[in-house]
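Following: one structure in structure tokens, then a few remarks.
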Amino acid sequence: MQITKEETHRDIEQNVQQYLTFIIGGEEFAISLLKVKEIIEYDIVTEIPKTPEWIRGVINLRGSVVPVIDLAVKFRQAPSVAGKLTCIVITEVQNGVQSGDEAAVMGIMVDAVRQVIDLRAQDIEEPPTFGTRVKVDYLLGMARSGKKFCLLLDTEKVLSTDELLELPDSVEQAADNSHPELDLPHAPVALDASATPDASEQTSPE
């Protein structure tokens, strides 16, 4: 069967995947756009005692408690400093979630969001084995972004829910004290869009 130019072009488009790029500690990273639920302005984050340093704290996102991860610390860099361009990228993670359960929701603290890029399989190169502070296990590969390369993160590994499930009970106690109206589960919860209240009804951590 002969393949027309139109069909070839359509097949190429179907092989394109979109990635959201952002800056952490002066380096550019990217995650699959399919994993991104939304991007919100960095606001009040409630710190939780006796948790790993890479857990910045939790936020109240429309009634759901969402942990915020400081990947700079997890990548053995200095803790991120909130600035005018700092955002929280809200992501969905399947790792560690049992079959049939909804995906866990987590936030990534980033210094700035850059852009959405289109990548094909041939645009992605193998992860570097040297010259980066990020564990190779956390990477899917790297892709050219302008004159530099951005590192593609494997969200299922770098945001493993198994690590959060092992957190002490102080996480729940501290969150309950800060947000007595919230029912904090043992693991991050996915947002129920159908039950999302109006913006006027949203609450913020004290």
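No value in this document is a laboratory result; all are computed from the given coordinates. Since we're looking at a predicted model, the values are computed, not measured. Note: ideal-geometry Cβ built from the backbone for every residue, glycine included; neighbour counts use all protein chains shown.
Among residues of the range 62-74 that are under 18 Å from E41 (Cβ atoms) and touching a residue at least 24 places away in the same chain (Cβ under 8 Å), those with a beta-carbon under 8 Å from a residue that is surrounded by fewer than 19 Cβ atoms within 10 Å (Cβ to Cβ) and among the acidic types (D, E) at least six positions away or on a different chain give the pairs D70/E53.
Figure legend. Inter-residue proximity from the range 17-35: first residues on the phi > 0 side of the Ramachandran plot, second residues surrounded by fewer than 17 Cβ atoms within 10 Å (Cβ to Cβ), beta-carbon distance below 9 Å, spacing 6+ or different chains. Indicated pairs: G25/Q77; G25/A78; G25/R133; G26/Q77.
Let's see how each residue does on (1) of a type in the set (V, I, T); (2) surrounded by fewer than 13 Cβ atoms within 10 Å (Cβ to Cβ):
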| site | (1), (2) |
| --- | --- |
| E27 | no, no |
| V45 | yes, no |
| P49 | no, yes |
| N60 | no, no |
| V66 | yes, no |
| I69 | yes, no |
| A72 | no, no |
| R76 | no, yes |
| T86 | yes, no |
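Take the conditions among the hydrophobic types (A, V, I, L, M, F, W, C), touching a Phe, Trp or Tyr at 6+ places or on another chain (Cβ under 8 Å) and touching a residue at least 60 places away in the same chain (Cβ under 8 Å) and apply them to V89. Does it pass?
Numbers: among the hydrophobic types (A, V, I, L, M, F, W, C): yes; touching a Phe, Trp or Tyr at 6+ places or on another chain (Cβ under 8 Å): yes; touching a residue at least 60 places away in the same chain (Cβ under 8 Å): yes.
Yes.
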